[in-house]
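What follows is a short report on a single structure.
The values are calculated or read from the model by the stated rules, or taken from the named source; none is laboratory data. Worth saying up front: this structure is predicted, and the values here are computed from it rather than measured. A quick note on method: Cβ atoms are made from the backbone with ideal geometry, for glycine too, and the neighbour counts reach across all protein chains shown. SASA here: full protein model, heavy atoms, side chains in, ligands and nucleic acids out. Shrake-Rupley method; radii C 1.70, N 1.55, O 1.52, S 1.80 Å.
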Amino acid sequence: VICNYSSDLGCYLEDGKNSVEVANCSAVAMMHSMKRLLAYDRSQIEQMAFTSRKTAEDHFEYSGYLNQVRKILEWVHKD
């Protein structure tokens, strides 16, 4: 994941662990982040990919919210 930490992404992403942060919206910042990423060795990239996927599954996988969404829909349609 290469991104800036807009909204609440900083609550889930950590630079160098499960993402590469882009400091701002400039081309220079993007280039700097890409250079950092390209300097990682294969094992570092594989570990980051694993950690990124785990973060996504733990916090954003829709199936984790099915019961909550089901309850909301039941409440909305109870009338």
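Pairing each residue of region 51-79 that is under 26 Å from ASN18 (Cβ atoms) with any residue that is open to solvent by 100 Å² or more (accessible area, probe 1.4 Å), provided the two are 6+ apart or on different chains, yields C-beta distances under 8 Å for THR51/LYS17. Of the residues screened, GLY10 is not one that is out of contact with any strand residue (DSSP E or B) (no Cβ under 7 Å at 6 or more places or on another chain) and at positive phi.
This table checks each residue for (1) surrounded by 10 or more Cβ atoms within 10 Å (Cβ to Cβ); (2) modelled with pLDDT of 90 or more; (3) not in a helix (DSSP H, G or I).
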{"position": "VAL20", "(1), (2), (3)": "yes, yes, yes"}
{"position": "ALA23", "(1), (2), (3)": "yes, yes, yes"}
{"position": "MET31", "(1), (2), (3)": "yes, yes, no"}
{"position": "LEU37", "(1), (2), (3)": "yes, yes, no"}
{"position": "SER43", "(1), (2), (3)": "no, yes, no"}
{"position": "ALA49", "(1), (2), (3)": "yes, yes, no"}
{"position": "ASP58", "(1), (2), (3)": "yes, yes, no"}
{"position": "GLN68", "(1), (2), (3)": "no, no, no"}
{"position": "LYS71", "(1), (2), (3)": "yes, yes, no"}
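Residues in region 1-13 that are free of Cβ contacts under 8 Å to residues at least 12 places away in the same chain and surrounded by 13 or more Cβ atoms within 10 Å (Cβ to Cβ): LEU9, GLY10.
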